[in-house]
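Input: a single structure, listed below in structure tokens.
The values are calculated or read from the model by the stated rules, or taken from the named source; none is laboratory data. Fair warning: this is a prediction, and the values are worked out from it, not measured in the lab. Because the Cβ atoms are built from the backbone with ideal geometry, glycine has one as well, and the counts that use them run over all protein chains shown.
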Amino acid sequence: MEIDLGSWAGLTRDEVEELWPRPLDGSSRYDWYFRSPDGERLDTLTARLREWLADTERGNATTIAVSHGVASRILRGLYANLPMERALSLEITRDVIFKLADGRVDTIRTHAN
């Protein structure tokens, strides 16, 4: 499940800045999501995704997960043991599959460029 943005759900950063300008002061394009007054915080989301990832790794079966931007970045970062700042800036591209296996994160393009 993607990050819960609370009252910011469905809004772009520009729309949030227009309606709630102060909470975004000092934020970057990668961390503004965690500033919603009633949304999920980075540590909460990270703990939730870390637990899910650990649960899937304990199983013997292949797991296929569909994810959105922020959750995808954090999952890949956790799997690859990246610093959170690096994980939050990972590429988000449509029409790709990220394969997490054997300690590696591989990108598989699903269309010709």
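Pairing each residue of segment 51-70 that is over 19 Å from residue 91 (Cα atoms) with any residue that is surrounded by fewer than 12 Cβ atoms within 10 Å (Cβ to Cβ), provided the two are 6+ apart or on different chains, yields C-beta distances under 7 Å for 56/63. Which one is surrounded by the most Cβ atoms within 10 Å (Cβ to Cβ), of the residues in segment 34-61 that are among the hydroxyl-bearing types (Ser, Thr, Tyr) and closer than 16 Å to residue 75 by Cα? So, considering only residues that are among the hydroxyl-bearing types (Ser, Thr, Tyr) and closer than 16 Å to residue 75 by Cα, the one surrounded by the most Cβ atoms within 10 Å (Cβ to Cβ) is 46. Across segment 24-33, the qualifying residues are those that are in a helix (DSSP H, G or I) and in contact (Cβ under 8 Å) with a residue 12 or more places away in the chain, and the one among them that is farthest from residue 100 (Cα to Cα) is 32. If I ask for residues that are farther than 19 Å from residue 87 by Cβ, modelled with pLDDT under 90 and of a type in the set (A, V, I, L, M, F, W, C), which ones from segment 1-41 would you list? The answer is 20, 24. Within segment 36-81, the set of residues being over 28 Å from residue 24 (Cβ atoms) and assigned to a helix (DSSP H, G or I) comprises 51, 52, 53, 54, 55, 56, 57, 58, 79.
Selection of segment 60-89 for residues being touching a Ser or Thr at 6+ places or on another chain (Cβ under 8 Å) and modelled with pLDDT of 90 or more yields 73, 74, 75, 78, 84. A search for C-beta distances below 7 Å between a residue of segment 1-23 that is within 20 Å of residue 72 (Cβ to Cβ) and charged (D, E, K, R) and any residue that is in a loop (DSSP other than H, G, I, E, B) and modelled with pLDDT of 90 or more, counting only pairs 6+ apart in sequence or on different chains, returns 4/39; 4/40. Considering only residues that are within 18 Å of residue 30 (Cα to Cα), outside any loop (DSSP other than H, G, I, E, B) and more than 13 Å from the chain's Cα centre (by Cα), which ones fall in segment 82-113? If the condition is that a residue be within 18 Å of residue 30 (Cα to Cα), outside any loop (DSSP other than H, G, I, E, B) and more than 13 Å from the chain's Cα centre (by Cα), then no residue fits. Scanning segment 17-45 for residues that are aliphatic (A, V, I, L, M) and farther than 25 Å from residue 66 by Cβ, which turns out farthest from the chain's Cα centre (by Cα)? Among those residues, the one meeting the criterion is 19.
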